[in-house]
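Please read the structure below before turning to the comments.
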Amino acid sequence: EVVHARTTGNDAGAAGFIIVSRRILLAVSVPVIAGFVGLTWWRNPDVIADHSVAVWLAAATIPVMGWNATNSAQAAALDQVLRSQVPPMLLRPLVFMATLGTMWAMGLPLGLETVIALYLIIVILIAAVQFKLVWPYFDFMKSAKADVTGWRRWLAAGLLLAPGRLLTDRLKDVLVLISAFPLGAVGVAQITVALSLINFLNFAINAVEMSF
């Protein structure tokens, strides 16, 4: 939608699509957070009782991660794939692991709350870096009067495409979520670590694809 609107000189339509998508993100974040907290309580109420701060910190990462994904897709539509993808795909895991490794080497306490708070901080910082890199390419939104009249069509298209995109872009998260039902905490942690390590290979493959 953004590509078509920009190439046809319809900056108002492109601006409207971007604004609507961000509003939808904010609206959807609320039930997703509620579902995450509810599922955690249903599967393991002891986690809520013993680590409520960690659960809410993890929930706070949901809209930030959504913001990253939304910015990445919109920047890609504006032909800024590398600027949008490098921060979340490469910098975020590298900075997180480097910081976590440094804290561990220094003998600092690393409880569940500490690790998730650290991750949330890094996710926010990487989101800020990504925003800084891609924002100049959204300059047209300053002068264009956003046209949101097509929001129903955009929403319908998004709902149709969402299942496929979820499996394509968030397969790791879906696998971790599904594994939480039959496996215990240790098994889920092992799967999460293994899939995270695979992300480095995935980044290399995507980087080659983006170069073409």
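The values are calculated or read from the model by the stated rules, or taken from the named source; none is laboratory data. All values reported here derive from a predicted model rather than from experimental measurement. Cβ coordinates were reconstructed from backbone atoms using ideal geometry, including for glycine residues, and neighbour counts include every protein chain displayed. Note: accessible area is taken over every heavy atom of the protein model, side chains too, but ligands, DNA and RNA are not part of it. Shrake-Rupley method; radii C 1.70, N 1.55, O 1.52, S 1.80 Å.
Filter the helices (runs of 4 or more DSSP H) completely within region 127-198 down to those with at least 3 residues that are out of contact with any strand residue (DSSP E or B) (no Cβ under 7 Å at 6 or more places or on another chain) and touching a residue at least 60 places away in the same chain (Cβ under 8 Å).
By residue number, 140-143, 151-169.
Mind checking which pairs have a first residue in region 91-116 that is in contact (Cβ under 8 Å) with a residue 12 or more places away in the chain and a second that is of a type in the set (Gly, Ala, Ser) and surrounded by 15 or more Cβ atoms within 10 Å (Cβ to Cβ), Cβ under 8 Å, 6 or more apart or different chains?
That search, which allows pairs on different chains as well, returns 112/54; 113/54; 116/54; 116/58.
Among what's in region 186-207 and is open to solvent by 80 Å² or more (accessible area, probe 1.4 Å) and more than 21 Å from the chain's Cα centre (by Cα), pick the residue that is modelled with the highest pLDDT.
If we take residues in region 186-207 being open to solvent by 80 Å² or more (accessible area, probe 1.4 Å) and more than 21 Å from the chain's Cα centre (by Cα), then 190 is modelled with the highest pLDDT.
Which of the residues that make up region 17-35 are over 30 Å from residue 145 (Cβ atoms), open to solvent by less than 70 Å² (accessible area, probe 1.4 Å) and not β-branched (Val, Ile, Thr)?
Matches in region 17-35: 34, 35.
Are any of the residues in region 36-46 of a type in the set (Val, Ile, Thr), part of a helix (DSSP H, G or I) and buried (at least 17 other Cβ atoms within 10 Å of the Cβ)? Outline the logic, then answer.
Start the filter on region 36-46 by keeping residues that are of a type in the set (Val, Ile, Thr), which leaves 37, 40.
With part of a helix (DSSP H, G or I) added as a condition, the list becomes 37, 40.
If we keep only those that are buried (at least 17 other Cβ atoms within 10 Å of the Cβ) too, we end up with 40.
Yes, there is a match, as at least one residue in region 36-46 is of a type in the set (Val, Ile, Thr), part of a helix (DSSP H, G or I) and buried (at least 17 other Cβ atoms within 10 Å of the Cβ).
Test residue 105 against the stated conditions and say whether it is open to solvent by less than 60 Å² (accessible area, probe 1.4 Å), of a type in the set (A, V, I, L, M) and out of contact with any Pro (no Cβ under 8 Å at 6 or more places or on another chain).
Answer is no for this residue.
Here are the criteria: (1) within 20 Å of residue 54 (Cβ to Cβ); (2) under 19 Å from the mean Cα position of the chain (by Cα); (3) open to solvent by 40 Å² or more (accessible area, probe 1.4 Å); (4) β-branched (Val, Ile, Thr). Tell me which single one residue 99 does not satisfy.
Answer for residue 99: the failing condition is (2).
Of the residues 76, 27, only one is without any contact (Cβ under 8 Å) to a residue 24 or more places away in the chain and closer than 18 Å to residue 135 by Cβ; which?
Numbers: 27 fails: closer than 18 Å to residue 135 by Cβ.
Just a single option satisfies the conditions, and that option is 76.
Give me the residue from region 57-93 that is more than 12 Å from the chain's Cα centre (by Cα) and charged (D, E, K, R) and, out of that set, surrounded by the fewest Cβ atoms within 10 Å (Cβ to Cβ).
So the residue we want is 79.
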